[in-house]
Amino acid sequence: MTDMSYAPTRTQSPTTKLVLRFILYILLGVFALFYLMPLFVMITTSLKSLDEIRTGDLVSLPREVTFDAWRTAWSGACTGIQCEGMRPYFLNSLLIAIPAVLISTIIGALNGYVVAQWKFKGANIFFALLLFGCFIPFQVVLLPMAIVLGKLGISGTIPGLIFVHVIYGLGFTTLFFRNYYVSIPSELTKAAKVDGAGFFRIFWSIFLPLSLPIIVVSVIWQFTQIWNDFLFGVSFSQAGTQPVTVALNNIVNSTTGVKEYNVDMAAAIIAALPTLLVYVVAGKYFIRGLTAGSVKG
Amino acid sequence: MSPILEVKNLYKNYGSTEVLKDINVSIEKGDFLVLVGPSGCGKSTLLNCIAGLEPITGGDMFIDGQNMTNVSPKDRDIAMVFQSYALYPTMTVAKNITFGMKVRGIDQATQDAKLKYVSTQLQIEPLLHRKPGQLSGGQRQRVAMGRALVRDPKLFLFDEPLSNLDAKLRVEMRTEIKALHQRLGASMVYVTHDQIEAMTLATKIVVMKGGIIQQIGTPAEIYNRPANLFVADFMGSPAMNLIPAKTKVNGKGMQIEIARKDADPIVLTDKRNTDLPENVIIGVRPEDIVDAALARTDDTQQADCLIDIVEPAGADTFAVMQLGGKHVTARLHAETTAAAGTAQRLAFDLGKVSYFEPETGLRLN
Ligand SMILES: Nc1ncnc2c1ncn2[C@@H]1O[C@H](COP(=O)(O)OP(=O)(O)OP(=O)(O)O)[C@@H](O)[C@H]1O
Ligand SMILES: [Mg+2]
């Protein structure tokens, strides 16, 4: 009987618990609303006509839903003298981001594989330098990079931008893959060596099939970085090769006369859509990949 | 004929730490060499050096007469089973086993035939389509063996392949490996720190400590004539009794005097070993101390001993007493009358006794 009374003294009664829970949810709801507010304003504004924006309330729902602003943003808005909307720049961004993501991921995977599993003399210094590269601010590399691009004859071109993004992303992708691959027992590599496999064979047959989670991490990270990049985009592009972020800036800043908020909002959403999409589709792999433990043999 | 494996003056350093020092071993075709030693003594390192997976600091390595010192692992014609099995996690059991053949470009028909043969031998046919993650420890172990056995190499290297198994499975697998060795007549180097495994499997044992070879010999040599105190203590279970003693020359031979706490010293006379220093450590296996009533050989000499502990172990009963300041174990019959706290007449068999120099630990006889 005495044992029965032996319970932690600070247990809360069910009602207290319920009240606390309730407060917690209210708070979470408020924060969620707070963060969703801008998105809400953007979407509603983009669906309103200019008249309604001028006369109406910022946070009210559109009285009359119209997709005119979206159409203009996509194919008619002016970025300086051209008025082709976001479309060509969206395409540019895809042409830059997709190859840059793929190349930096592949090279990062190979780098990580070498640093983690084929320890060579100076491997640690090599890795430390790569890591250091992650933390060099963009601004510092602008000038040297411009010179390099000029020397290579690819300044102002899409391949030039791909090159820049690959170089800048390598530090991160190498870090991701290296940290993932060090958790794979080195005896796996040894066994494959005894089995007669060489460097690429081991990578291809043993490491790559294990790498899906970290590939997803690398792809999401790189895609977001490259797609959202503005500084490199504005520095190393010329008319015709500008990415979507630069175009957005131009649309928003170059309207003469009336400011078309609805078009600006639609253009902003268009520019942000792919990264949002990537998170929605692959977000859960992202978390899983970042926390993935060692591989069981 | 040249030995299948010859290691000459091998040194291995990791940075400034010497892990292997002046290793010299050679084995003939069909030999089963077992490397034993306490954890961290460099067994795995030596195996990795033989496989070419770790660069060596000095010395030479010959496999079947060819200098392999600077040859890459894939060209050494070896197969290896790793301490952690190291199965490829994304491949099925079948793919794990055939990976080596596939890499070497062996045709599909041969691959299939070998896979079938090996999986039958190791009784893993039902598992061929599973991934390693879906196997038990013992099954993984057999797959790892299978991966080595399809290869038919000049030399097999095993790194503690049984260390992760439970006691029963370990004994079964031990028998299986022994049978396999006899059937294939293959040459093997096998690492373990389990000295029973070493005794049962080996045709030749290398005892290592701190990266230095302590003794090389057949299991019988290692067991009966350990080269030093370390080997004497390490090999055998229960361990050899190592008792400090004083010697004196008398007419019939060497008189060995073992001090006791509450009684007169035990005095034994050794007629064979007559050239011993005054202070020695005498090494007697537990099975050489038996009930006086059951003693057979002429070499035995008897003494009454106060038994401290009696440990029945099924077939035998172990009796522990205090001699020369040490716990001494005697291996008595299961039906012995010995009881804790009473004196028992025991017979000491000096036929297989070892003597060691107390300072250096080296064998004297
Ligand atoms: N990569 C390394 N760098 C530095 N020292 C190492 C390295 N690998 C092993 N060692 C050291 O070398 C020594 C021998 O290690 P090894 O793995 O060969 O021991 P072992 O005899 O196989 O032990 P166990 O029975 O525990 O497997 C150990 O002292 C270990 O700390
Ligand atoms: Mg080991």
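Before moving on, here are some points about what is shown:
- Subset of the stretch B:28-51 [under 20 Å from B:GLY15 (Cβ atoms) and more than 10 Å from ligand 2 (Cβ to nearest atom)]: B:CYS49
- Some residue of the stretch B:160-168 being away from ligand 2 (no atom under 16 Å from the Cβ) and under 17 Å from the mean Cα position of the chain (by Cα): yes
- Selection of the stretch A:177-210 for residues being touching a residue at least 24 places away in the same chain (Cβ under 8 Å) and more than 10 Å from chain B (Cβ to nearest Cβ) yields A:PHE177, A:ARG178, A:ASN179, A:TYR180, A:TYR181, A:VAL182, A:SER183, A:PHE199, A:PHE203.
- The residues on offer are A:SER254, A:SER237, and the sole one that is in contact with a Leu (Cβ under 9 Å, 6 or more places away or on another chain), in the same structural domain as A:TYR285 (by TED's automatic domain parsing) and either open to solvent by 20 Å² or more (accessible area, probe 1.4 Å) or among the β-branched types (Val, Ile, Thr) (or both) is A:SER237.
- Members of the stretch B:45-67 that are open to solvent by 30 Å² or more (accessible area, probe 1.4 Å), more than 12 Å from ligand 1 (Cβ to nearest atom) and part of a loop (DSSP other than H, G, I, E, B): B:ILE56, B:THR57, B:ASP64, B:GLY65
- Residue count, the stretch B:156-185 (criterion: within 16 Å of ligand 1 (Cβ to nearest atom), within 14 Å of chain A (Cβ to nearest Cβ) and not in a loop (DSSP other than H, G, I, E, B)): 3
- So B:ILE27, is it more than 16 Å from ligand 1 (Cβ to nearest atom), under 31 Å from the mean Cα position of the chain (by Cα), aliphatic (A, V, I, L, M) and within 13 Å of chain A (Cβ to nearest Cβ): no
- Checking each residue in the stretch B:30-44 for being open to solvent by 20 Å² or more (accessible area, probe 1.4 Å), near ligand 1 (Cβ under 9 Å from one of its atoms) and more than 14 Å from every other protein chain (Cβ to nearest Cβ) picks out B:PRO38, B:SER39, B:GLY40.
- Output for the stretch B:334-365, where each listed residue is part of a strand (DSSP E or B) and open to solvent by 60 Å² or more (accessible area, probe 1.4 Å): B:ALA343, B:ARG345, B:LEU362
- Filter result for A:ASN124 (part of a helix (DSSP H, G or I), over 30 Å from B:ALA79 (Cα atoms) and either within 14 Å of chain B (Cβ to nearest Cβ) or open to solvent by 50 Å² or more (accessible area, probe 1.4 Å) (or both)): yes
- Test: B:VAL143 is more than 16 Å from ligand 2 (Cβ to nearest atom), within 13 Å of chain A (Cβ to nearest Cβ) and not in a strand (DSSP E or B): yes
- Matching strands (runs of 3 or more DSSP E) fully within the stretch B:186-288 where at least 2 residues are among the β-branched types (Val, Ile, Thr), open to solvent by 60 Å² or more (accessible area, probe 1.4 Å) and closer than 30 Å to B:PHE82 by Cα: B:212-217
- Residue within the stretch A:192-212 that is surrounded by fewer than 20 Cβ atoms within 10 Å (Cβ to Cβ), in the same structural domain as A:VAL115 (by TED's automatic domain parsing), in a helix (DSSP H, G or I) and small (Gly, Ala, Ser) present: yes
The values are calculated or read from the model by the stated rules, or taken from the named source; none is laboratory data. Note that the structure is a prediction, hence the values are computed from the model and not measured. Positions of Cβ are backbone-derived with ideal geometry, glycine not excepted, and every protein chain shown enters the neighbour counts. Accessible surface is based on the protein model in full, side chains and every heavy atom, while ligands, DNA and RNA are left aside. Shrake-Rupley method; radii C 1.70, N 1.55, O 1.52, S 1.80 Å.
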